[in-house]
Each structure stands twice: as C-alpha cells, then as structure tokens.
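S.K.: Got a structure for you, written out below as structure tokens; questions coming shortly.
The values are calculated or read from the model by the stated rules, or taken from the named source; none is laboratory data. Keep in mind that what you see is a predicted model, and the values were worked out from it rather than measured. No Cβ is skipped: glycine too gets one built from the backbone with ideal geometry, and neighbour counts run over all protein chains shown. Keep in mind that these areas ignore ligands, DNA and RNA; they rest on the heavy atoms of the full protein, side chains included. Shrake-Rupley method; radii C 1.70, N 1.55, O 1.52, S 1.80 Å.
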Amino acid sequence: MDKDLIIDVSPAEVSIALMENHRLIELNKQANGEKKYSVGDVYLGKVKKIIPSLNAAFVDIGDEKEAFVHYLDLGFNFKAFDSFVKQLRPGADYAGIYSGVRIDEILEKEGKIEQFLAPGQPIIVQIVKEPISTKGSRLTAEISIAGRNIVLLPFSDKVSVSQKISSKTEKKRLETLIYSILPKNYGVIIRTAAEGKKAAVLHSELLSLIKRWEDSWQKMASSKGVQLLFTETNRTTTILRDLLNDSFSNIYVNDESVCREVREYIGTISPEQEKIVHFYKGSEPIFDHFEVTRQIKGSFGKVVSIRQGAYLVIEHTEALHVIDVNSGIRTKQKDQEENSYDVNIAAADEIARQLRLRDMGGIVIVDFIDMDDNAHKSGLFKHMQELMANDRAKHTILPLTKFGLMQITRQRVRPVTEITTTEVCPTCGGTGKISSTLVFDETLERAIAFYVKEKAITKLILKVSPIMEAYLTKGLMSIRYRWQKKYRCSIKVLSDSDFTILQAEWFDSSLEPLSSSSL
C-alpha cells in the first residue's frame, strides 16, 4: 500500500492530507498565527468554580470558554501533582522537591471533587478534547508526554507495554530496559513503535521527554496566573510521530523551511526514512497536482457517491451523525439480496473512510439497505470491524439491528471537519430565483426587433443553452418560426453546453458577435 503525506503550507494555514493508494483518508488543517487549544497542551490553570452535582470543576486555562475536569479525570496520582505545585517557589531546588514527593497516596475512586479542589487553586491540567461548539476543552490532571516510542508519565512508577507487541520476549526486553534507565517518580508507556529499538534510541527519547517536563518547573514556580507550560509539537510532526512507519512511501511539502523541519524530525525518529521527504517545486498548487482538491470537493458534501450509482447521505446533528445508504440507479444484475449485500459492502468502505476523513465522533447511526440473510449481516459487521481496525480513534461497533441499523461510537477530540463544497449559482446569484421564460422571450424578441428594424440585419444567429435551444425550436409552429414570420428575417439557433440556462449571445451571418444577454 502506497501511503503519502501531502503538506500544503500557505500564509493562512497548513493543510495536511494523508493518502493511501492515492485516496484521501485524513485531512488536517492548522491555522497560522491563531491561538489554538490543542489536544496534548499542558497548562497551569486556575479552578474557577466547583460543581458538586456533577462531581466536576470548571478551570480557567485562558480560553473564553471555561474548561471542564471531572473528578475521575484527576487521576490516581493527583495528590502528588498538587503537592508538587504547592511547594514550588522561585529559586527552589525543583529536582529535590520532585524526587521527594510521595506517589503512594492514591486518590480515592469514590471521592468528592470539593475535597481536593477549591476556587482559585492552581492545578496542572492537560487538554484531552478540544473546544467543540459551545463547550470548552475537556481536561485531565493525569499528565502524559507522548514521544515516538514511549509516553512519559510524571509521578508514576509503572512501566506498561503496548498490547500490539505480541512477542513476550520483546515485551520483557523492553520492560527490563526501561526500568533500568528510569529515574525516580517517572513511569512510562512503551508504544508499538518501540518494538526492536535499541537502548540508545529509547534512552535518548526518554531524556528529551523528561527535559520537556522539567523545563516547565520554572514557569510553574514563577507564574502568578494561568500559564501554558508546554504544547504538543505542531500538527505535522504529531501526525508523523503517530503514523510514520515502514509503509510510508513519500512526504511532499511545498515550503522549504517546513520541509527542512520535517526532514530533521524524521532524521531524529527514523533516520532511514529521511529520504522519503521531498520538496515540491511544481508551478501547479500541490493539492491540485496530487488530486487532493478534487477529492475534497467530492468527499465533504451531504451526498457522497460510492460507485455504480450508489451513494451515501450524511447528516450531522447536535446529538449524533446519521448515514443513509442508497442503491440509487445501480444496475441490479443479481437478485435483490446479493445486490443489497454488494452495495452495503461498498458503502462500508466509504463510511470507514468518511469517519476518519471528517473526524466524526460521538454516536454514528448507519442505515444500511435491508438484508434477510444472517450470513450477510454477519459478514457486513465483520467487514466494518476490519476496516475500522486502522482507525487510531477509540471506537465501538455494534452488530446490525433487525431494522438494518449499525451503531458506531467513535472518540472525538476535535470538532468534526466540515468543508463547504457548494458554489453560488451563476444564473440566480444565490437567490434561488430566476426570471421566467416569458420575460426572457420578450428580451430576445426586443433584440430581434432592434437588429432588424434599426440595424437592417435580417440574418441572425442566436447561441443559447441546450435547454433554451429546445424550448425555442420545438414543434412546427415554434417560437423561432413565429419570430421569423413576424419580423421577416432568418434566425438560426445554436446550443452551447457551457451556457447557463438563461444566457444568450447574438451573431450576424458571418458569426461576428452583436451582443450578449443573461437574466
């Protein structure tokens, strides 16, 4: 499978398209110069108010919309974080304070948030879900700092290994290795990408993650209000960190400085793949060259074509997303059951892509075409599970109900991506109204009268849209015939498929243009 990353850098934003076999799978946009509250950002916030009924609190992190943290999101090691923040003072021995904090005092699972937080209290928090609609960011006080191969967990002493690493020998090797180099009061989650990595690589990454955390201590100690402690790397390197593997074929960037940054970053995390980064020098826009723009226009509308006339209708509501599968005008070469199964399988492929492409989250209801065969229903369910296996977002898929509905829940950390693919109608100008054909007839007839009587031109050629050409020439006593008889002239009507419905141009017999008209 060819997997390409296309990065379009413009003054307003950076757009990142992930292509699999030249098919658009993911699209990310990051505005330049805009203050953004992104997943992974760590803040020193301030508690605004406690909501005992929700067992939660609103926290000020500098956004207009107050962020939200639930008691269960404080994490088992909240007491250690809280103790550390309260002891920090400018010029203090930060390393000594950190190593001296006890991490064995675990937060009670059934506790009340008002026992641990109070309005005005400083708190270290991390964004786990970006602001959506009227809601502020969702926060956690259990800080994690992600790297390519490992995730650092301050105030922890455990080492966990990704379940996707199947070899027990490799799991044991990695666990033993990390324990041997891990400083006090730090824990680690070993990611799948760490499989087979040497000790020097993991040790170097561990030190860089610890440095990011320790560099924030001075900010915590000297801050008198809300403070951004550190942020995730930019969206480009975050995607590379999470997605880059041996299956990546090429990375194309249309900006030299960003291309250099990407090449340097890949040189750090995967030196053998540095050669796949290319600077795009073409004159054509990079998204146009790789057909990303065309796929965006065809993939983000309300109606999405599948193949052979079948299509999806996608509706977004406040509570959920609804996807309706339609067979359309698809030729039915098999019996109804087989035809329905084929359309549903093709729809499942596109639905799995749309979920990733639009980053649709929450509850998704899919109305597949009804099938009677239980084997087909089971096969469709398993096929959807296989398709969604490559989706990084946490998700759950339920089997088809007796009404042919499939329920999917998918984690959403960013607002759903919506791109306007509509254009203003060139005929009505967006009003939804056009002049009646009677008015258009009068306009054309006035033009005939002018050319014949005032200009003495008796041989005219009229170019219009195919619809209008059929309207003017239909029948023996057509409108054109009546005009020719009334004004004693010759009128030849030509059609042009590029014309809007009420657009017209006049020519003399030698095809010299006379005037144009459009209502």
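S.K.: Tell me which label goes with the value of mean projected area of the Cα convex hull in nm² computed from the coordinates here: (i) 22.5; (ii) 35.4; (iii) 31.8.
M.R.: Of the listed options (i) 22.5; (ii) 35.4; (iii) 31.8, (ii) comes from this structure.
S.K.: Label 7 Å along Cα→Cβ of GLU105; the stretch 70-97 residues with amide nitrogen under 17 Å?
M.R.: Hits in the stretch 70-97 for GLU105 at 17 Å: 74-88, 97.
S.K.: Using a 1.4 angstrom probe on heavy atoms only, work out the carbon and sulfur share of the accessible area of the chain in %.
M.R.: It is 51 percent, rounded to a whole number.
S.K.: Let me check I've understood the local charge: for LYS463, count other residues with C-beta under 11 angstrom from its C-beta, Lys and Arg +1, Asp and Glu -1. What total comes out?
M.R.: Here the count lands on -3.
S.K.: A further question on this structure: So what's the net charge close to LEU88: Lys and Arg +1, Asp and Glu -1, counting the other residues with Cβ under 13 Å from its Cβ? Could you put the intermediate results ahead of the total?
M.R.: Details: positive: LYS86, ARG89, LYS219, LYS224; negative: ASP82, ASP93, GLU214.
Cβ neighbours under 13 Å give a net charge of +1.
S.K.: How much solvent-accessible surface does MET19 expose, in Å² to the nearest 10, with a 1.4 Å probe and all protein chains in place?
M.R.: About 10 Å², ignoring ligands and nucleic acids.
S.K.: Still on this structure, I have one more. Of THR134, THR409, THR140, which has the most accessible area with a 1.4 Å probe, and how do the rest follow in descending order?
M.R.: Correct descending sequence by accessible area is THR134, THR409, THR140.
S.K.: For the stretch 109-179 and the stretch 24-85, compute the distance between their C-alpha centroids and round to whole Å.
M.R.: 13
S.K.: Still on this structure, please answer the following. Once you sort the root eigenvalues of the Cα gyration tensor of the stretch 456-503 as a ≥ b ≥ c, which label holds: rounded (a/c under 1.5), prolate (a/b larger than b/c) or oblate (the other case)?
M.R.: Oblate shape, in that a/c is at least 1.5 and b/c is the bigger or equal ratio.
S.K.: What GluC sites (Glu not before Pro) does the stretch 252-328 have in DSSP loop regions with at most 12 other beta carbons within 10 Å?
M.R.: For GluC sites (Glu not before Pro) across the stretch 252-328 that sit outside H, G, I, E and B with at most 12 neighbouring Cβ atoms in 10 Å, the list reads GLU318.
S.K.: In addition: Can you compute the modelled spin-label distance between LYS459 and GLU337, with each label point 7 Å from Cα toward Cβ, in nm?
M.R.: 7.0
S.K.: Quote to one decimal, in nm, the extra length available between ARG23 and ILE51 on full extension: 0.36 nm per residue of separation minus the C-alpha distance between them.
M.R.: Extra length available between ARG23 and ILE51 comes to 5.4 nm.
S.K.: Only helical DSSP H runs with n ≥ 4 go in: add -39500 (n - 2.57) per run for the chain, normalise by residue count and round the 222 nm mean residue ellipticity to 500 deg cm²/dmol.
M.R.: When only DSSP H runs of four or more count, the value is -9000 deg cm²/dmol.
S.K.: Right, another one. Answer rounded, prolate or oblate for the stretch 48-96, using the Cα gyration tensor with square roots of eigenvalues a ≥ b ≥ c: rounded when a/c is under 1.5, else prolate when a/b is larger than b/c, else oblate.
M.R.: Cα axes put the stretch 48-96 in the oblate bin.
S.K.: If you count only protein heavy atoms with a 1.4 Å probe, what accessible area per residue comes out for the chain, rounded to a whole Å²? Can you show the working numbers first?
M.R.: Working: 27410 Å² over 519 residues.
Ligands and nucleic acids excluded, the result is 53 Å² per residue.
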